[in-house]
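The values are calculated or read from the model by the stated rules, or taken from the named source; none is laboratory data. Because the structure is predicted, anything quoted here is derived from the model rather than measured. Cβ coordinates were reconstructed from backbone atoms using ideal geometry, including for glycine residues, and neighbour counts include every protein chain displayed.
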Amino acid sequence: MTEEQLRSSFINATDDELRRLPMPGLRESIWEEREYLGWRDMQAAQLGYVSLWQGSELVSIVVRTSGSLRPGIAAMCSMCHSTQPATQVRLFTARFAGKKGLAGSSVGTYICESLSCPMVIRRAAPHMTTPSQLERRGGAMLERITRFVAKVADES
Ligand SMILES: [Zn+2]
């Protein structure tokens, strides 16, 4: 995966957002043990980025956080379904691609604040991280995130 490939895979980014897109470390092994690639923006705390493969096509979206949950309450990430302290799960919104997005419309979902669900599920308790459990949880997570990205891409 090249920088150019990554940059051109964004479906809902403005020119400005693309210009300032911070690159994740693009090492060879980046897709190993990772159903999707998520990273946050050190320079703009509210911004995050999510990339995943749909067949041979890389698709990426810009997301932004809007507030956090009340501390002290456990929350569940809508992608990996891990239950976490509420401060570690955030409401992220993604501007729709196309006209709807230009009109300011967006869609939201709760995701692990770090946008690193693939790591979160691999750090779970031993009985949750057997190869078959990881395959099941990883597959279900990929389906959910694919569905979310499809929603963002929907131009209707
Ligand atoms: Zn998660």
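Glu113 - would you say it is within 16 Å of the ligand (Cβ to nearest atom), in contact (Cβ under 8 Å) with a residue 40 or more places away in the chain, among the acidic types (Asp, Glu) and closer than 26 Å to Glu32 by Cβ?
It is true that Glu113 is within 16 Å of the ligand (Cβ to nearest atom), in contact (Cβ under 8 Å) with a residue 40 or more places away in the chain, among the acidic types (Asp, Glu) and closer than 26 Å to Glu32 by Cβ.
Residues that are farther than 19 Å from Pro24 by Cα and within 11 Å of the ligand (Cβ to nearest atom): does the range 44-64 have at least one?
Scanning the range 44-64, I find no residue that is farther than 19 Å from Pro24 by Cα and within 11 Å of the ligand (Cβ to nearest atom), so the answer is no.
Scan the range 20-35 and give yes if some residue there is surrounded by fewer than 17 Cβ atoms within 10 Å (Cβ to Cβ), in a strand (DSSP E or B) and either more than 16 Å from the ligand (Cβ to nearest atom) or among the acidic types (Asp, Glu) (or both), otherwise no.
no
Hey, among the residues in the range 1-39 that are touching a strand residue (DSSP E or B) at 6+ places or on another chain (Cβ under 7 Å) and of a type in the set (Phe, Trp, Tyr), which one's nearest to Pro118 (Cα to Cα)?
The extreme case among them is Tyr36.
Quick one: would you say Trp31 is closer than 22 Å to Gly98 by Cα, out of contact with any Phe, Trp or Tyr (no Cβ under 6 Å at 6 or more places or on another chain) and either modelled with pLDDT under 90 or aromatic (Phe, Trp, Tyr) (or both)?
no
Out of (1) within 15 Å of the ligand (Cβ to nearest atom); (2) in contact with a strand residue (DSSP E or B) (Cβ under 9 Å, 6 or more places away or on another chain); (3) in contact (Cβ under 8 Å) with a residue 24 or more places away in the chain, what's the single condition that is false for Ala124?
In the conditions (1) within 15 Å of the ligand (Cβ to nearest atom); (2) in contact with a strand residue (DSSP E or B) (Cβ under 9 Å, 6 or more places away or on another chain); (3) in contact (Cβ under 8 Å) with a residue 24 or more places away in the chain, Ala124 misses (2) alone.
Here's a check for you: in the range 70-92, which residue that is among the β-branched types (Val, Ile, Thr) and within 13 Å of the ligand (Cβ to nearest atom) is surrounded by the fewest Cβ atoms within 10 Å (Cβ to Cβ)?
Looking at residues that are among the β-branched types (Val, Ile, Thr) and within 13 Å of the ligand (Cβ to nearest atom), I get Thr83.
Condition test on Ser106, is it more than 15 Å from the ligand (Cβ to nearest atom) and under 24 Å from Ser66 (Cβ atoms)?
The answer is yes for Ser106.
How many residues, within the range 133-147, are within 14 Å of Gly38 (Cα to Cα) and either surrounded by fewer than 22 Cβ atoms within 10 Å (Cβ to Cβ) or of a type in the set (Val, Ile, Thr) (or both)?
Summing the residues that are within 14 Å of Gly38 (Cα to Cα) and either surrounded by fewer than 22 Cβ atoms within 10 Å (Cβ to Cβ) or of a type in the set (Val, Ile, Thr) (or both) in the range 133-147 gives 3.
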